[in-house]
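The next block holds one structure in the form of structure tokens; read it before the comments.
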Amino acid sequence: MPNHQSQDPKHHLWWKHGIIYQIYPRSFQDSNGDGIGDLQGVIDRLDYLNDGTPNSLGIDAIWFSPTFPSPMADFGYDVSDYEGVHPDFGDMAVMDKLITEAHKRGIRIILDFVPNHSSNQHPWFIESRSSRDNPKRDWYIWRDPGPAGEPPNNWIAVFGGSAWEWDQKTQQYYLHLFLKEQPDLNWRNQQVEHAMHDVLRFWMNRGVDGFRIDVMDRIVKDPEMRDNPPQPDRRWAELAGQMALQRHTQDQDWPDIIDYVRRIRTVVDEFPERMTVGEVFGTPSNIVRYYGGEKLDGLHMGFNFPLVRLYMNRWTAERVRRYVDAFEEALPPGGWPNWVLGNHDVDRVASRLGGGELGQARARMAALMLLTLRGTPFIYYGEELGMANVPVPDDQLQDPARLYGPGRDPERTPMQWTRDGDFTTGTPWLPYGDLSLNVEDAARDPMSMLSLYKRLIWFRRGSDALVHGAYAPVEGTPPGTFVYTRIHNDDRLLVALNFTTDPITIDIPASLKLTELLESTHVDPPVAQQITLHPNEGRLYRLA
């Protein structure tokens, strides 16, 4: 059966047929006035996310960026205790309350699991660093220097510079594929692997429903630590940054990594209805490799990132359709796709696609596409408002891991609840953006981005075609358009998207008879077989 065909509704799974909403916990809601978002703040806003009625957003699960104790060298992606809660966010009692209150509303909880590296303040690393003969020495990756005292190989860290840090006390280098404060764990040591499996069990026993797994594709590397080869396209590499100067053949996607992924899946499968989604990169075939092949015994999903890399001049119908079709074709039978427009590491959609009115129009069409493609949609908090990047003054920048300019702060600013912000009663940790975009006003405006998201999400929840149906592109449409159907039994829908800044007329084939316009990102024109889309417009139709 082709991968893009309908799925059996009897096999409804929350992660497969629901909508996942990413919260950056520092920025969603502050409950105590310290200017930093926290878990109690999320509890206070759960009804906004889903109160069981179309007045709410209607999401099915929350993925939290890391909530663990951390020195915050990389804002939580440097974990110092995998079985705790950072005091900025609350404590374990508040986490337990959050899980309970979310479950009451039918909302699942997904935590951000960071297995590749810990903080250098984690007790494991402190022990490992204490001496060469410490029992935990091999829990991290230590190597002798080269003949001239140089690092063991040429690997480059994601945040720049060598991926090796010299330890004066023990006279060896340790590996850190990210910051030097984030030493890489040695997953080839079975004690490490078992300890990390126990972390997963700890949280699932507390009621956590799944895990987003950070840099899943790096947890094991070439055991011989050989050099990465140079990137042959030096011009592209120089534009893309220092890390792109190499082809990451030795420190990423190492062949036996799938064995480790399968063992993680085995642990997760000890608990009913749990899920994993991994941060993996590369071609569609490389991403779906992490699904585990025909047995689907790897990750439940691997993040599909092409759309987050499309900036203004690359946002074309032809390119987007090519990505959609390629991912669908690469999936193993029964494999499930997913779609992502933004997250905590990339510019916000409205900014990335042109900014201003153009960016907002494109973001509306992108939302219609995200919520009508086959697969699980991921929504980054604030996308439903059309939040844009915020120009953060230099003296207020917070991101400690800045490669370029302001780093990632512009896409991590506080949620905008009212014209006064209302994220906090204190001073927010980052400044607000344009507060004319806010939940209170948008909820009253039927033409707002928020209202569009709500209508699409609640329609999707009741549509067999969108939840279970087959995806098929419509051939022969004009350049600059992407048209596809979603069909499950008698529920038949058509989506028409115009990626250009000009009106485009499309003759819909007579075999696909349009009967009702269900949604438009612009105004509601009459239904006809020949349709003219406004610039950057998307429409959803019902078919006979």
Unsatisfied cross-links (Cα-Cα over 24 Å) in the set LYS454/LYS513; LYS16/LYS454; LYS16/LYS104; LYS16/LYS221: LYS454/LYS513; LYS16/LYS221
Helix 449-461 versus the longest principal axis of the chain: what is the Cα-based angle in degrees, 0 to 90, to the nearest 10? 90
For HIS176, HIS344, which order do you get if you count the other beta carbons within 10 Å of each Cβ and list the fewest first? HIS344, HIS176
I need HIS17, HIS12 ordered by Cβ neighbour count within 10 Å, fewest first. HIS12, HIS17
With each run of n ≥ 4 DSSP H residues scored as -39500 (n - 2.57), what mean residue ellipticity at 222 nm is computed for the chain after dividing by its residue count and rounding to the nearest 500 deg cm²/dmol? -7000 deg cm²/dmol
Cα centroid distance between the stretch 40-108 and the stretch 296-356, in Å? 25
Run the Debye formula on the Cα coordinates of the stretch 99-213, all scatterers equal and no solvent, and tell me log10 I(q)/I(0) at q = 0.22 1/Å. -1.19
Return one number: the angle in degrees, 0 to 90 and rounded to the nearest 10, between the long axis of the Cα atoms of helix 92-104 and the longest principal axis of the Cα atoms of the chain. 20
Can you order the peptides 151-159, 319-327 by their average number of other Cβ atoms within 10 Å per residue, highest first? 151-159, 319-327
22 Å Cα-Cα reach of LYS169 towards lysines, excluding residues that sit fewer than 8 places from it in its own chain: LYS136, LYS180
So how compact is the stretch 283-360: Cα radius of gyration and Dmax in angstrom? 14.3, 46
List, largest first, the extents of the alpha carbons of the stretch 165-268 along their principal axes, each in whole Å. 49, 36, 23
Residues with amide H under 5 Å of ASP112's amide H, sequence separation 5 or more or different chain, H placed in the peptide plane at 1.01 Å from N; which? PHE64, THR67, ARG212
4 °C / 1.567 mPa s Stokes-Einstein diffusion coefficient of the stretch 467-543, Kirkwood radius on C-alpha pairs, µm²/s: 104
Going fewest to most other Cβ atoms within 10 Å around each Cβ, SER56, SER131, SER351 line up as SER131, SER56, SER351
Using alpha carbons only, how many angstrom separate the centre of the stretch 422-487 from the centre of the stretch 272-295? 26
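Values in this text are rule-based calculations from the coordinates and carry no lab data. Owing to the predicted nature of the structure, the values given are computational and were not obtained by experimental measurement. Quick reminder, even Gly has a Cβ in these numbers, built from the backbone with ideal geometry, and neighbours come from all protein chains shown.
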